[in-house]
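Written below as structure tokens is the structure these notes are about.
The values are calculated or read from the model by the stated rules, or taken from the named source; none is laboratory data. Computed from a predicted model, the values in this text were never measured in an experiment. Glycine also receives a Cβ, built like all others from the backbone with ideal geometry; neighbour counts cover every protein chain displayed. Areas reflect the complete protein model, heavy atoms only, side chains present, ligands, DNA and RNA absent. Shrake-Rupley method; radii C 1.70, N 1.55, O 1.52, S 1.80 Å.
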Amino acid sequence: MKFYKNLYIGDTISDPDKIKRKLKKYAKLTNVYVIAYVEKDRRIEIFHSLMLQQYNYKENPPYVIGIAGSKDEAQELICRITEEALQKTGTADLIAYLFRGRSR
């Protein structure tokens, strides 16, 4: 599993490094949501970390761009990313903003 260099962290996540370690080990985290880039579809998804227990995610781990303590908080992070993209690029193309000038 790979993590975005400037990983977005929700306010309720107190120890992001610990959460990252647990996510890499596919530990069962009941109150963690993941914001991930789905390269195949060129889109960003929010899903509960327990989804990582599925075979597909173990074989094709997601590229994590953010972690949050609730779905609402994950949506707030997406809004923050969108606002940043609009301010810096003038568009709401999150993929272009997040990965500008660098490969995933």
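Expressed as a whole percent, the accessible surface of the chain that belongs to carbon and sulfur atoms is 46, based on a 1.4 Å probe. Specify the angular offset, from 0 to 90 degrees and rounded to the nearest 10, of the alpha carbon long axis of helix 71-89 from the longest principal axis of the alpha carbons in the chain. With both axes taken from Cα atoms, the answer is about 30 degrees. Between ASP11 and GLN75, the contour length at 0.36 nm per residue exceeds the Cα-Cα span by 21.8 nm. If the label point is 7 Å along Cα→Cβ of GLN53, which residues in region 61-83 have backbone nitrogen under 20 Å from it? Inside the label zone: 61-62, 68-71. Given the choices [x] -0.58, -1.13, -1.41; [y] -0.54, -1.14, -1.58; [z] -0.89, -1.06, -1.23, log10 I(q)/I(0) by the Debye sum over Cα atoms at q = 0.15, 0.21, 0.24 Å⁻¹ derived from the coordinates of this structure is entry [x]. Think of a 1.4 Å ball rolled over the protein heavy atoms: the chain then has 61 Å² of accessible area per residue. Annotation: extensible slack from PHE99 through GLU39 equals 20.5 nm (criterion: 0.36 nm per residue apart, minus Cα-Cα distance).
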